[in-house]
Amino acid sequence: MQDLNAPANPLETLAYIIAQQINDHSIVYIGTGIPMVAGILAKKTHAPNITIVYESGGQDPIEGDMPWSVGCPFTWRKSPTIMEMSYSFAQCYNGYVDIGFLGFAQVDMYGNVNTHMIGKDFHHPKVRMTGSGGNNDLSSLTEKMVLVGLQTPDKFPEKVDFITSVGHLTGGNSRKEAGLIGNGPAAVISPWGVYDFEPVSKRMRVKSVTPGVTFEIAQSLTGFELLKPEGEIPQTKLITDDALKIIRTQVDPRGVFTTMPT
Amino acid sequence: MAKYTYNQEAVDNLKLSDTSILDRLIDFESAREAHLKKEHAKKDKRMTIGEAVSAFVQDGDILTDGGFSYVRTPHQAFFEIIRQGKKNLQMIGAPNTNQTFFICYGDVEYSHNSYTGAEMRGIDKVYDRALKAGKVKILSEWSHGGVAQGFKAAQLGTPGFFSKQMLGSDLVRYNPYLKVIQNPLKADKDPVVFVPALYPDVAFIHCHAADKYGNAYIYGPAVNDLAVAAATRKLIITAEEIVPENDIRYNKQGQIIPFFYADAVVEMPFGAVPGNMPGYYYWSRQWWEKCMRFGGASDENIMAFCNEWIMGTKNQFEFVEKLGGAKWIAEARRQTKAAEGDNEDIDFSYEEYTLTHDSGLYY
């Protein structure tokens, strides 16, 4: 059981901010990790009628414990139907999925994602990571993508070490010219800020900052030049006490995804 | 004269000096020939896992499976392959976190990659080290959806699909099987990726029930199973139980693999242990935590771990005994039923394995 009086940690903050992106009655494609917390939080708060879809085929499950895998029983708990994986991704291509959420190890100024490796040499990376899984498929096909992760200059480099998933590629029209479907990433969410992409250049731009964070602080946590919006930068709405309590008591009571790594 | 013209940029990036190693995965003619030569008569194909592995897994084969990561994965059949010491295997990693066990023993030398790791339990440090040490060589990089399309193309009886996945990414630059071409009917520029139909040599699919001929029933997600079963040259069905044919005909509604795909049928209760078998048993969380955390720390650790659990057991029954025997079975059944909403709600908290705390419990 978690300490209900402790202040929200960055992962809980993140889950709340992501959840705010989800509109009720929409179909939501969820990847492993914090997006699962956010999806279930949204369902238990402002968006009770969303349909959650997972890559191994589970859809519209009745919530149970926190899923530990996109294939585990909690992703297809009493689902009316379970799709094969190829059909599951095809639902994004065919226009049935409204919004998708994915994690990243690195994201660059155009929203391209790396989950493959840290380092430039494919054969001798500093760290080999998971590879694509469904990350590329969702990014290639989904109408609206939201990317979610922690923020440091290394995690927000000018160029990712490996393009696992295309965001806005090299900016401008390049995503469309490469043949990809959907509008690409709409937002990148870190505990310190919410970022969008300037409509013409498709470069990452500050949309709002977490209270206490300034543009300069956000810039110092970023490995490339962030665009600054016109006028005053709004503050991201802070997690409410109610939402925090729901995360800790109902969504992720054992802190599976919302405990900070030590 | 080479049979295929691969994506040369990927061949160069992957430093593949001889591309013939890539051929069999997309060699439709030889796969069709293998399917034609299979036993088409409805015969009793039951045998032990030892016999099935010995008869149907050859050194150099392209190996794959059904299930998803650690849900309905044929772990116990895999462990038998390791015990028999097969060599020079290629393995398709989607959706699969399990190549690492083979790589440790030098069984799998080539990897078709789409996901390596254990999701929320982190990246696979053993695989990371093996890759850098040259113990495993990556032959192609995929997305999960790309591999799913390759298998599905085989099942649907087509040379391949035009896909909108993987375009523009570095996957295409590290996958010799993928080529970006123009959509032939579009007037405007419209790039698509040609994903070829994929034909593994040998697949293991763990099912809930099968009859002696190989009609096999799956409950829960049938991720790529039906497509893999249709595509593979050789198919070994392992099943929690063998049932009469009439049970499949009359009672089993759901995903069914037809008998004529199967080369062998193995009765193998607990064949997915230490993973999750929908409806039957939950995964052993501590086992996987120990594998990733203790095993991940060094090559010595992972070998000690594998030697204890894989080489140190003769079969799945000894493995289940080590996990806690009847007590483990009871808990694992209760947990998976609760997870699926078929039981009372239970508290899923447990004593997590960490490097400083090992409760010795596996449920």
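The values are calculated or read from the model by the stated rules, or taken from the named source; none is laboratory data. In this text, all values refer to a predicted model and were calculated from it rather than measured experimentally. Glycine gets a Cβ as well: all are built from the backbone with ideal geometry, and neighbour counts include every protein chain shown.
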Among what's in region A:187-208 and is surrounded by 22 or more Cβ atoms within 10 Å (Cβ to Cβ) and among the hydroxyl-bearing types (Ser, Thr, Tyr), pick the residue that is nearest to the other protein chains (Cβ to nearest Cβ).
A:Ser190
Could you look through region B:12-35, keep only residues that are within 14 Å of chain A (Cβ to nearest Cβ) and within 25 Å of the chain's Cα centre (by Cα), and pick out the one that is surrounded by the most Cβ atoms within 10 Å (Cβ to Cβ)?
B:Leu14
Do you know which of the residues in region B:211-267 that are buried (at least 21 other Cβ atoms within 10 Å of the Cβ) and among the aromatic types (Phe, Trp, Tyr) is farthest from the other protein chains (Cβ to nearest Cβ)?
B:Tyr213
When you check A:Phe122 against the structure, is it touching a helix residue (DSSP H, G or I) at 6+ places or on another chain (Cβ under 9 Å), more than 7 Å from chain B (Cβ to nearest Cβ) and either crowded, with 19+ Cβ neighbours inside 10 Å or not in a helix (DSSP H, G or I) (or both), yes or no?
no
Go over the candidates A:Ala15, A:Ala47, A:Ala42 one by one and state the one that is without any contact (Cβ under 8 Å) to a residue 40 or more places away in the chain and part of a helix (DSSP H, G or I).
A:Ala42
Do any strands (runs of 3 or more DSSP E) lying entirely in region B:223-320 carry at least 1 residues that are at pLDDT below 95 and touching a strand residue (DSSP E or B) at 6+ places or on another chain (Cβ under 6 Å), and which ones are they?
B:255-257
Scanning region A:145-199 residue by residue, those of a type in the set (Asp, Glu) and in contact (Cβ under 8 Å) with a residue 40 or more places away in the chain turn out to be A:Asp154, A:Glu158, A:Asp161
Filter region B:42-59 down to residues that are in contact (Cβ under 8 Å) with a residue 40 or more places away in the chain and either part of a loop (DSSP other than H, G, I, E, B) or closer than 22 Å to B:Cys291 by Cα (or both), then give me how many there are.
8
Please work out which residue is farthest from A:Lys126 (Cα to Cα), limiting yourself to region B:105-146 and to residues that are modelled with pLDDT of 90 or more and of a type in the set (S, T, N, Q).
B:Ser143
If only one of A:Gly172, A:Gly149, A:Gly184 is in contact with a strand residue (DSSP E or B) (Cβ under 7 Å, 6 or more places away or on another chain) and within 14 Å of chain B (Cβ to nearest Cβ), which one is it?
A:Gly184
Which numbered condition B:Gly106 fails, given (1) within 13 Å of another protein chain (Cβ to nearest Cβ); (2) surrounded by fewer than 24 Cβ atoms within 10 Å (Cβ to Cβ); (3) part of a loop (DSSP other than H, G, I, E, B):
(1)
Among the residues of region B:119-148, count how many are part of a helix (DSSP H, G or I) and without any contact (Cβ under 8 Å) to a residue 40 or more places away in the chain.
7
Given the conditions (1) of a type in the set (A, V, I, L, M, F, W, C); (2) under 21 Å from the mean Cα position of the chain (by Cα); (3) surrounded by fewer than 22 Cβ atoms within 10 Å (Cβ to Cβ), and given that A:Leu169 satisfies all but one, which numbered condition is not satisfied?
(3)
Criterion (crowded, with 22+ Cβ neighbours inside 10 Å, of a type outside the set (A, V, I, L, M, F, W, C) and assigned to a loop (DSSP other than H, G, I, E, B)) met by exactly one of B:Thr64, B:Thr116, B:Thr100
B:Thr116
If a residue has to be within 10 Å of chain A (Cβ to nearest Cβ) and not in a helix (DSSP H, G or I) to count, how many in region B:149-161 make the cut?
1
